[in-house]
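Since the structure comes first, as C-alpha cells, the remarks are kept for the end.
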Amino acid sequence: MASRCTCSLVVMLVVALGCATISVAPTSASPSCERELPCGPSKFTFYLHNTVYNPAVDNKNSFNSIYSLPPNISFPNPFAFGVRNTFEDPITEGPSNSSNSLGKAQGFYVLDSFTEFTLFHLFTANITEGEHKGIINIFGQVREVDPVRYLTVVGGTGAFLGARGLASCTLVDIDHTPPAKWTLSFDLDLYY
C-alpha cells in the first residue's frame, strides 16, 4: 500500500514539474484586432413616426404598430400594466412624414407600472439611407409624462459599430384622433 502511494506521489510530482517547465509562446493577435475600427458620428438625430392599428377606423392598410390584448386580470388596471406595443416605424431626417427616409425602427415597448404610465422600450433603428448606414440598438425605461425621455444606446453595426451612449427622446407631435399618430425625435450622443 505504501509503495502504491509513493508511486502515485512520484507520478504527480513528475507531471507537475513537466507542466512547470513547459513555456507557452504568446500567440499573435488576429489581423482584424490590429486594425483601427472607424468611428461613426458622435451626434445623430432621427424622427420616428408611429401610427397605431385601430379596428374602429379600419386602418389595416396604413398602420405600423399594434397593441397586444390587455392582460387577463380581474382587478382595475388604470395604467394598462402588461400591455405591449410592437412597431415597425418609418424614421426620417426631419419631423415631417415627407422628410427624407433614413430607414425603420423595429421593436416593442411594454407598459410596466401599476402607478403611472412608464414604458420599457427595446428597439433597433435600422439606418439604410443617408451618409451613415447601420443599426443602432436602443433600450430603457421612460415615463410618459417627462418632456425629455432618456434611453440608452447599447450597441450598433455598420457606421455605428460599437456605439454606446444616450438617446434623448422628445415628443414632436401627437394626434389622438383614431387612429392615434405621433412623431418622436431621437437626439443621440454616441461614443465608440
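Please treat every number below as a calculation from the coordinates, not as lab data. Just so we're clear, the structure is a prediction, and the values are computed from it rather than from any experiment. Here the Cβ positions follow ideal geometry from the backbone for every residue, glycine too, while neighbour counts run over all protein chains shown.
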Original post:
Quick one: length gained pulling Tyr192 to Thr157 fully straight, 0.36 nm per residue minus the C-alpha distance?
Top reply: 11.5 nm
**OP:** With a point put 7 Å past each Cα toward its Cβ, work out how far Val145 is from Phe108 in nm, to one decimal.
**Re:** 2.8 nm
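Over region 80-192, what is the relative contact order in percent, taking alpha-carbon pairs closer than 8 angstrom and at least six residues apart? The partial results should precede the final answer.
On the way: 276 pairs, mean separation 18.2, N = 113.
Once divided by the residue count of region 80-192, the mean separation gives 16 percent.
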Original post:
With labels modelled as points extended 7 Å from the Cα through the Cβ direction, what inter-label distance (nm, one decimal) is found for Ser98 paired with Asp58?
Top reply: 2.8 nm
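Using a cut-off of 12 Å between beta-carbons, work out the net charge of the residues near Thr118 (Lys and Arg +1, Asp and Glu -1, Thr118 not included).
Here the count lands on -2.
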